[in-house]
Each structure stands twice: as C-alpha cells, then as structure tokens.
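The values are calculated or read from the model by the stated rules, or taken from the named source; none is laboratory data. In this text the structure is predicted, and so the values were computed from the model without any measurement. Positions of Cβ are generated from backbone atoms using ideal geometry, with glycine treated the same way; all protein chains shown enter the neighbour counts. These accessible areas exclude ligands, DNA and RNA; they are computed on the full protein's heavy atoms, side chains included. Shrake-Rupley method; radii C 1.70, N 1.55, O 1.52, S 1.80 Å.
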Amino acid sequence: RFLKTVNKEKIDVMHFPNFNVPLMYTGNFVLTIHDMTPWKFPGPKVKKSKLRKFAYRMVFDSAIKRCEKLITVSHHTKREILEKYPQYSDKIVVIYIGYGNSFHKCDDYGIIKSIKEKYNLDTSYIFYIGVWRDHKNIPGLLRAFHILVKEYGVNIKLVLGGDYKNSDPKILRTISELKLEPFIIKTGYVPDNELSALYIMAELTVIPSFNEGFGMHAIESISCHTPVAASNTTSIPEILGDSALYFDPSNPREMADVIRKIYENSNLKKNLVVRGLEVIKKYTWERCAEQTLGVYKKSK
C-alpha cells in the first residue's frame, strides 16, 4: 500500500529517513542513514536468519545505489558508509540534526520533586538513557560501575533509562553476577516530559556505546547542564569535541576512572558544561531544515 501511495502522488523528491526503501520505487529520492550499527551489531532476528540478513543487505545496497543524495548525520557515519561503499562518496552530504527546545536547565522544584519520588531517586546517580541493545555496551558500563562502588567506594547509584523488555540478556545477567541490584534503578521507558528532569538531577550522563551515529542524548544532557562521559569510538568526540571526557568502551577500568574524574571535580563539571553549551549552538533544526531543503532542490 505504501509503494502504491507514493507512486500515485507523483512526488518530485521522496525523502526516506531510513535505508528501507521499497525495492520497486522508481522515483527520485533522498536517503538518510543515521548509522551503520545494523551492519556491526545486527539484531537477534537478523542474526538467526540467513534470509533476513540477505534481504537486509539487498535493500541497503539497492537504496544507496539508487538514491540521488545520501544524508548522514555525522562525518563518523559518512566514514563508516565509505568503508563499504567508497564508490558513492559524491552522493554523501553530512547534515547535523537539532535537538528539542524542551531540553534545558529547569529549577522547578515541583517537577524535580515529583520525578524524584516516581523513580525513588534518593541519592546521587549516574545516568544512562537508550535502548538496551548489545551495541550500547551496558554490560561494560555495569563493570565500570562495579569498580566505582566496590573498589573505589564511591557512594552513587546508576540509573538505567529505557525500555528493557526485549533487552540484551547479558545486561540483567551482569547485574546479577556483580550483585549490583541495590545500586541500580531501572526506569523503563521515559517520556520526553520527564527526561529533562532526569538529566538535570544526574551527576553526569554516560554514553558507553560501541557505536553512535550522532548521539542526541549527549546534546540533550549538555543542554540540561549535565556533563558527559562517552566512548571514544563513536560520533560523540566529533559532536561534543573537548566539552566531554572520553574512554575506551572495551576498558571498564578506564571508563570508571573517567566517570570518577568528572564526579569528584565540580570545577571540571562546570567547565565541560560551559564549553558544551557553546558547542551545541550549531545543532539546530532550522539549520538542518535549510541544508536539507538544499539537498532536495539538487535532487529533483
């Protein structure tokens, strides 16, 4: 039905914001690829099925080959695409995305109090937000957190935000093996109107991922005046520059040391946020829209 609808509309340029373009679509189109995570960390359904893997790659190959222009949200993603498709370098345009105006420093005690009570936030905490998939490296974060609380004696909790119903089984197993249950708060899915408060109350946001195409949560955290510790293998160093501290995501002790460094140094926290607030000024939806419109005009 979708293919029939778009063909009927006689569209000048169709923008597909993901790689899954209908194979039989024959019109001009622009494609956005946010990251190459599915290539490196395919989901459980793709892992178990050779047919799904073949279909995924066929659709991906077809979309990149047929598109007029390919938008990526970072140079990091562009480099990953070119590793597999160097012949299409002239198609790729990097356009940074923006972030919502709802993410900002808020001192409304009533909102803060209600979120504290809802999630039982009775002490300082480190914040993670995102899907519970293998590429997010939550087991690595848990091992780093274990070093913080068990070896370094840091009195802090870890808030894991995001829906965990279909999570990577290694995550809950790691929590159990390391006996971290008393130190972990699992929020489940967090609605947007509560997310700012969770950023604001956190000591820092940790992004332990093996791969990120852009890292929206890094921008959201900084806009709420909360510093970021992040993996050095993702797009975050490109997006935040020197306004975050970085670690090797495969080294839990290094991750623990970077987290501890931010947590224990209030001046460092402030400096990271001040630098970050300047950096994120360039990530606006207005700029993104203007640049995207330019791509449409060249693709008609």
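Highest mobility in the GNM of the chain, judged by mean-square fluctuation with C-alpha springs under 10 Å and restricted to L172, L204, L160, is found for L172.
Shape of the chain from its Cα gyration tensor (a ≥ b ≥ c, root eigenvalues): rounded if a/c is under 1.5, otherwise prolate when a/b > b/c, or oblate? It is prolate, given that a/c is not under 1.5 and a/b is the larger ratio. Pull out a ≥ b ≥ c, the square roots of the eigenvalues of the alpha-carbon gyration tensor of region 111-171, then state rounded if a/c is under 1.5, prolate if not and a/b is larger than b/c, and oblate in the remaining case. Verdict is oblate for region 111-171.
Residues in region 1-112 average 61 Å² of solvent-accessible surface per residue, probe 1.4 Å, ligands and nucleic acids excluded.
Bridgeable lysines around K69 (alpha carbons under 21 Å apart, same-chain partners fewer than 8 residues away excluded): K10, K78, K84, K91, K297, K298, K300.
Placing a pseudo-label 7 Å from each Cα along the Cα-to-Cβ vector at I111 and N155 gives an inter-label distance of 3.0 nm. Amide H contacts for Y246 (H built 1.01 Å from N in the peptide plane; partners 5 or more residues away or on another chain; cut-off under 5 Å): A230. Potential lengthening of the chain between F2 and D122 amounts to 38.3 nm, from the contour at 0.36 nm per residue minus the alpha-carbon distance.
The simple spin-label model puts a point 7 Å past each Cα toward its Cβ; for R66 and R79 those points are separated by 3.1 nm.
Loop-resident trypsin sites (Lys or Arg not before Pro) (DSSP state other than H, G, I, E or B) in region 162-229 with no more than 11 further Cβ atoms inside 10 Å of their Cβ: K165, K179. Each of E264 and W39 was given a label point 7 Å from its Cα along the Cα-to-Cβ line. The distance between the two points is 4.1 nm. Counted residue by residue at 0.36 nm each, then reduced by the alpha carbon distance between them, the extension gain from R52 to R173 reaches 40.8 nm.
Rounded to 0.05, the FRET efficiency of the V131 and S250 pair, given R0 = 25 Å and the Cβ-Cβ distance, is 0.80. Across the protein chains, with a 1.4 Å probe defining accessible surface, the residues Y189, Y125 rank Y189, Y125 from largest area downward.
The C-alpha atoms of the chain define a longest principal axis, and helix 75-84 lies at about 50 degrees to it. Have a look at the DSSP beta bridges in region 67-194 and tell me what percent are antiparallel, nearest 5. Roughly 10 percent of the DSSP beta bridges within region 67-194 come out antiparallel. Pairs of Cα atoms nearer than 8 Å and 6+ residues apart set the relative contact order; for region 153-300 it is 17 percent. Hand me the GluC sites (Glu not before Pro) from region 201-294 located in a DSSP loop with no more than 12 other Cβ atoms within 10 Å, in residue order please. Here the GluC sites (Glu not before Pro) that fit, given the DSSP loop and packing criteria, are E264. If contacts are Cα pairs under 8 angstrom and at least 6 residues apart, what is the relative contact order of region 1-94 in percent? Taking the mean separation of contacting Cα pairs over the length of region 1-94, I get 28 percent. Normalising the average separation of contacting C-alpha pairs (under 8 angstrom, six or more residues apart) by the number of residues puts the relative contact order of the chain at 19 percent. Rolling a 1.4 Å probe over the protein heavy atoms leaves I11 with an accessible area of roughly 60 Å². Secondary structure note: in the chain, about 5% of the DSSP beta bridges are antiparallel.
Counting only protein chain heavy atoms and rolling a 1.4 Å probe, the accessible areas of T77, T26 rank, largest first, as T26, T77. In this calculation the C-beta distance from M24 to S102 is compared with R0 = 30 Å, giving a FRET efficiency of 0.15. Between 0 and 90 degrees, the angle of helix 252-263 with respect to the longest Cα principal axis of the chain falls at about 70 degrees. Given a 1.4 angstrom probe, I'd like the percentage of the accessible area of region 1-144 that is carbon and sulfur, rounded to a whole number. That fraction is 54 percent.
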